Amino acid sequence: MTMVPLPGLERLLEAIRKYELHVRTSPPAACAQRAGEPLLGRPFDPMLAAFYNRLGGLSFHLDLYIATSDGQMDELLLENEGVQPYWPEPFRTLLVFGGQEALAYRYATVPNMADAQGFQPVVEVDPYEDIYALPIASNVDRFFDAYTRYLEFIYETPELRDDPDARPTFPRGVPEIIAADRTLLGMLAEGRFDPLMFQPEIQTEETLEYLRGWVAKLRAASQKAG
């Protein structure tokens, strides 16, 4: 397998070392899923394949986790098999790769929005009440980069570093970090996420308004940054 560079992941691992964060990792699987190979009938993202070639999994205490691969991809399969039967279309087309511990939020790639290299954008799925998907990165490595920027913001701001209760949540509390991904903003401007985001048949107007507000926040943050 041709190795895909993951500068965002490298930055994340450096931030973990710099801030001495307690993170659990596991060794890479001997027979990890390969890029493009089908997983539950959908092509596996090349950047996720590269991640699993480097690490078997990653977990922050009560925060971000990337499902562990043990060579049989059992946990990754369980992540998807455990939620997708209960998700309506089009959310069943997603491939879950992680989430937030102790919560039902899931991070997933969007296989049917892969670019020419096969790289898939990332959404956060909120299955509480009205299910919806929040676009947060144009690809998996930009997701790692955004989470790194979030950690840097937290630990370089004394009042946030010293008071966990004052910290904004990722990704919802830091739209300016998400908006730094200009490719993601371009995809939103083109309406490419609309069929996945907006499902008026199963979503309330309150949820639809929240999603429109999220897009507006990203655009405003991007314009402010210039």
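The values are calculated or read from the model by the stated rules, or taken from the named source; none is laboratory data. Since this is a predicted model, take the numbers as computed values, not measurements. Cβ: placed from backbone, ideal geometry, glycine included. Neighbour counts: every protein chain shown. Note: accessible area is taken over every heavy atom of the protein model, side chains too, but ligands, DNA and RNA are not part of it. Shrake-Rupley method; radii C 1.70, N 1.55, O 1.52, S 1.80 Å.
Summary table
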| item | result |
| --- | --- |
| Residue list for segment 76-100, filter: among the aliphatic types (A, V, I, L, M) and closer than 22 Å to Tyr147 by Cα | Leu76, Leu94, Leu95, Val96 |
| The one condition in (1) within 23 Å of Pro111 (Cα to Cα); (2) assigned to a helix (DSSP H, G or I); (3) free of Cβ contacts under 8 Å to residues at least 24 places away in the same chain that Gly191 fails to fulfil | (2) |
| Residues of segment 97-109 that turn out to be charged (D, E, K, R) and either at pLDDT 95 or above or assigned to a strand (DSSP E or B) (or both), as a count | 1 |
| Number of positions in segment 6-23 that are in a loop (DSSP other than H, G, I, E, B) and buried (at least 16 other Cβ atoms within 10 Å of the Cβ) | 1 |
| Matching residues in segment 196-211 - criterion: being part of a helix (DSSP H, G or I) and either aliphatic (A, V, I, L, M) or surrounded by 12 or more Cβ atoms within 10 Å (Cβ to Cβ) (or both) | Leu196, Met197, Thr207, Leu208, Tyr210, Leu211 |
| Criterion (open to solvent by 20 Å² or more (accessible area, probe 1.4 Å), at pLDDT below 90 and not in a strand (DSSP E or B)) met by exactly one of Asn53, Asn112 | Asn53 |
| Output for segment 148-172, where each listed residue is open to solvent by less than 60 Å² (accessible area, probe 1.4 Å), within 26 Å of Val125 (Cβ to Cβ), outside any helix (DSSP H, G or I) and not basic (Lys, Arg) | Pro168, Phe170, Pro171 |
